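Have a look at the structure below, then the notes.
Coordinate-derived values only; no laboratory data. Remember, it's a predicted structure, so these values are computed and weren't measured experimentally. For neighbour counting, all protein chains shown are included, and Cβ atoms are generated from backbone atoms with ideal geometry for every residue, glycine included.
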Amino acid sequence: MKIDYSTQNDRTFTADILVLPVFQAELAKVAAAWSSVDEAAGNLLSSRAQKDAYEGKASSYLSVDTQGVNVTRVILAGMGDKGRFTSETMRRSIGRLLSSLRGQKHEHIAVALPLKSGVDDAQLARALTEGALLGTYRYDKFKSKKVALGIKRVSILGTRRAVSIAQAVELGQIGAAAPNYARELVNEPAQTLP
């Protein structure tokens, strides 16, 4: 799976799914922050969030199929209380979300970094990368019926250009490769190890 960083506008970005992080009790601010996406989708995000009484609790998700936007689905990903938000919250939330999307026919997923979260964008990009790679890992070497990953690319959408973010994505890939390799060793039968 390829993971990249882009500063492209969230309304013009093309992907199968756009994931927008939401803090608990800040839906009004979210509506303002992502108003361009909501307007392009015919205000489906804000009306569906109100109708379903979506609160943005940690690891809660609200999926809205869209028209008029360059994505087929927008998912609001709950990040919980903003005062307790850390990069670990982002890693776990994105890991759970992408794990649930594994095997579906969505090849390109774009995840926006939260606005004004109080956590450095580079830390969030690293955590998001780790969460994506750890969440989509499956050991199926000996399974007769393998489920294809489906997700081929994850794009991290941010507002600033920085070399540190590209480095953070690379560090996230390294950070996720180690536990995934350990998982391989644990799951591999002893007689097949070299």
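Quick notes on this one:
- Cross-link pairs exceeding 31 Å between alpha carbons, from the set K2/K145; K2/K116; K2/K146; K51/K152; K116/K152: K51/K152.
- Max mean-square fluctuation residue, GNM over the chain, Cα-Cα springs under 10 Å, options V64, V163, V74: V163
- From the coordinates shown, Cα extents along the principal axes in Å corresponds to which of (1) 49, 35, 33; (2) 57, 35, 28; (3) 60, 49, 23: (2)
- Nearest 10 degrees, 0 to 90: helix 163-187 Cα axis against the chain principal axis: 40
- Computed from point charges on the beta carbon alone (+1 for Lys and Arg, -1 for Asp and Glu), the dipole magnitude for the chain about its Cα centre is near 420 Debye.
- Low-density loop positions, GluC sites (Glu not before Pro), region 64-139 - DSSP coil, at most 15 other Cβ in 10 Å: E107
- log10 of Debye I(q)/I(0), alpha-carbon scatterers only, for region 38-107 at 0.16, 0.17, 0.23 Å⁻¹: -0.64, -0.71, -1.08
- When the convex hull of its Cα atoms is projected in every direction, mean area for region 145-194 (nm²): 5.5
- Among R48, R96, R84: highest mean-square fluctuation, GNM of the chain, C-alpha pairs under 10 Å: R84
- With Cα atoms, 0 to 90° folded angle of helix 121-135 axis to the chain main axis: 50
- Most fluctuating residue given options I75, I156, I174, as computed from a GNM of the chain linking Cα atoms under 10 Å: I174
- Shape box of region 66-166 [Cα atoms, principal axes, largest first, Å]: 46, 34, 29
- Using every pair of separate Cα atoms, the Kirkwood estimate puts the hydrodynamic radius of region 87-141 at 11.8 angstrom.
- Computed over region 87-194, relative contact order equals 38 percent, with contacts defined as Cα pairs under 8 Å that lie 6+ residues apart.
- For region 78-191, a crude dipole built from +1 on the beta carbon of Lys and Arg and -1 on the beta carbon of Asp and Glu, taken about the Cα centre, is about 400 debye to the nearest 20.
- Dipole axis of the chain (+1 Lys, Arg; -1 Asp, Glu on Cβ), positive-most option in V74, L193, L44: L193
- Here K57 is the anchor, and the aspartates and glutamates within straight C-alpha reach of less than 12 Å, apart from those fewer than 8 places off in the same chain, are E26, D81.
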